[in-house]
Amino acid sequence: MKNVHIVTGGGSGIGLDTAKSFKDGIVIITGRNEEGLKAAVVELKAAGIEAEYRVSDVSSRQANKDLVQYAATLGKVKTVVNSAGVSGGQASAKKTLEIDLLGAEYLVEEVLEVAQENTVVILIASMMGNVVPDNEAYDNFLKNPQSEGAIDAIVQVVKDESDIAYNFAKKGVQMLAKKWATKYGEKGARIVSLSPGIIMTPMSEQAAADHPEQMAFMKQMTPSGRNGNPDDISHAVMFLADDKSSFLTGIDLTVDGGLTNRLPEIAKIMAAQEK
Ligand SMILES: NC(=O)c1ccc[n+]([C@@H]2O[C@H](COP(=O)([O-])OP(=O)(O)OC[C@H]3O[C@@H](n4cnc5c(N)ncnc54)[C@H](OP(=O)(O)O)[C@@H]3O)[C@@H](O)[C@H]2O)c1
């Protein structure tokens with residue numbers, strides 16, 4: 001049976017680089033913008049990868065159902081990488097939570113239906129998820145984004161600020177990998193999250209254009225002395241996806257050049273500068 005690898009948000013950035021890293025089977029990339037996906041499939045095919053695209057909005061339950069069921073008709077759903085996402089600057093707080101968090105859980109539920117031995121789900125979160133403090137009240141909403149009123153409650157907690165909503169959504173994504181690991185384990189399957197630091201893609205280029213000084217400062221503070229590239233992440237995705245990593249599940253892997261450890265220090269410096 002042929003392996004099928006799904007990469008949501010596979011038309012650009014981290015998702016596209018990840019799609020290029022699969023060495024077997026068929027890769028299905030998704031996104032909302034058909035032109036970008038078409039161009040990406042041309043690029044993948046030129047690199048010798050069997051690839052196709054589906055226009056599919058991750059924040060739609062039905063779209064996720066259709067995507068996963070279609071993928072299962074092609075072979076064994078072996079790897080699912082959820083790289084689809086928007087940053088705070090790209091959408092309202094509510095929309096950011098619906099795409100980045102709710103969409104991730106819809107996908108996880110649909111994949112569980114077809115998961116088999118050694119199926120792996122890798123949810124792309126963010127190091128910014130690491131900056132949201134633990135708090136029982138909102139952690140319950142983050143862990144259960146489909147519970148009644150959860151998204152609206154988080155929008156209230158973040159005071160409708162989309163940049164903060166992004167951080168909360170990504171903390172929620174990290175929590176989803178932990179929450180779903182047992183159910184996946186019952187099928188011999190795995191689920192993990194991966195939290196990138198600053199990776200040079202269209203998303204971070206937009207952030208650099210919006211806040212150039214802040215981004216330059218973060219780079220200067222990064223222990224590895226550089227921003228990441230998409231292949232820093234796709235390399236880690238391939239490590240997580242490998243069957244030799246079969247004891248890794250329900251974890252978050254932060255791939256950030258060491259920056260998370262310095263975020264509290266950075267916040268203090270920035271707060272002092274604002275005074
Ligand atoms: N770059 C970084 O520094 C960084 C750091 C931490 C985490 N991340 C995370 O890494 C992931 C990939 O980001 P990137 O940096 O590679 O940015 P990117 O190039 O903008 O990729 C995001 C992709 O998500 C797709 N997308 C957005 N909303 C979608 C939706 N509702 N349904 C389906 N697809 C959707 C976009 O395609 P369409 O526009 O066609 O829908 C795009 O291809 C995101 O989850 C992001 O939060 C990035």
task = Look through Leu107, Leu102 and report the one residue that is within 12 Å of the ligand (Cβ to nearest atom), without any contact (Cβ under 8 Å) to a residue 60 or more places away in the chain, within 21 Å of Lys178 (Cα to Cα) and within 18 Å of the chain's Cα centre (by Cα).
result = Leu102
request  = Considering (1) more than 13 Å from the ligand (Cβ to nearest atom); (2) under 18 Å from the mean Cα position of the chain (by Cα); (3) of a type in the set (Gly, Ala, Ser), say which one Ser204 fails and leave the rest.
outcome  = (1)
task = Please state which of the following conditions Lys78 fails to meet, knowing it meets all the rest: (1) within 13 Å of the ligand (Cβ to nearest atom); (2) in contact with a Gly (Cβ under 8 Å, 6 or more places away or on another chain).
result = (1)
request  = Could you identify the single residue in Asn135, Asn118 that is in contact (Cβ under 8 Å) with a residue 24 or more places away in the chain and of a type in the set (S, T, N, Q)?
outcome  = Asn118
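Here is a yes/no grid of residues against (1) within 11 Å of the ligand (Cβ to nearest atom); (2) within 20 Å of Asp66 (Cβ to Cβ); (3) basic (Lys, Arg):
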{"residue": "Thr8", "(1), (2), (3)": "yes, yes, no"}
{"residue": "Gly11", "(1), (2), (3)": "yes, yes, no"}
{"residue": "Ile14", "(1), (2), (3)": "yes, no, no"}
{"residue": "Phe22", "(1), (2), (3)": "no, no, no"}
{"residue": "Ile26", "(1), (2), (3)": "no, yes, no"}
{"residue": "Arg32", "(1), (2), (3)": "yes, yes, yes"}
{"residue": "Val41", "(1), (2), (3)": "no, yes, no"}
{"residue": "Lys45", "(1), (2), (3)": "no, no, yes"}
note = Among helices (runs of 4 or more DSSP H) entirely inside the range 156-275, those with 3 or more residues being surrounded by 15 or more Cβ atoms within 10 Å (Cβ to Cβ) are 162-185, 202-210, 212-221, 230-241
query = Inside the range 120-142, can you point out the residues that are charged (D, E, K, R) and not in a helix (DSSP H, G or I)?
reply = Asp134
note = Across (1) buried (at least 21 other Cβ atoms within 10 Å of the Cβ); (2) over 17 Å from the mean Cα position of the chain (by Cα); (3) more than 23 Å from Leu67 (Cβ to Cβ), Met128 clears everything bar (2)
query = Can you find a residue in the range 143-150 that is surrounded by fewer than 20 Cβ atoms within 10 Å (Cβ to Cβ), basic (Lys, Arg) and not in a helix (DSSP H, G or I)?
reply = no
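Coordinate-derived values only; no laboratory data. Because the structure is a prediction, the values reported are computed rather than measured. Cβ coordinates were reconstructed from backbone atoms using ideal geometry, including for glycine residues, and neighbour counts include every protein chain displayed.
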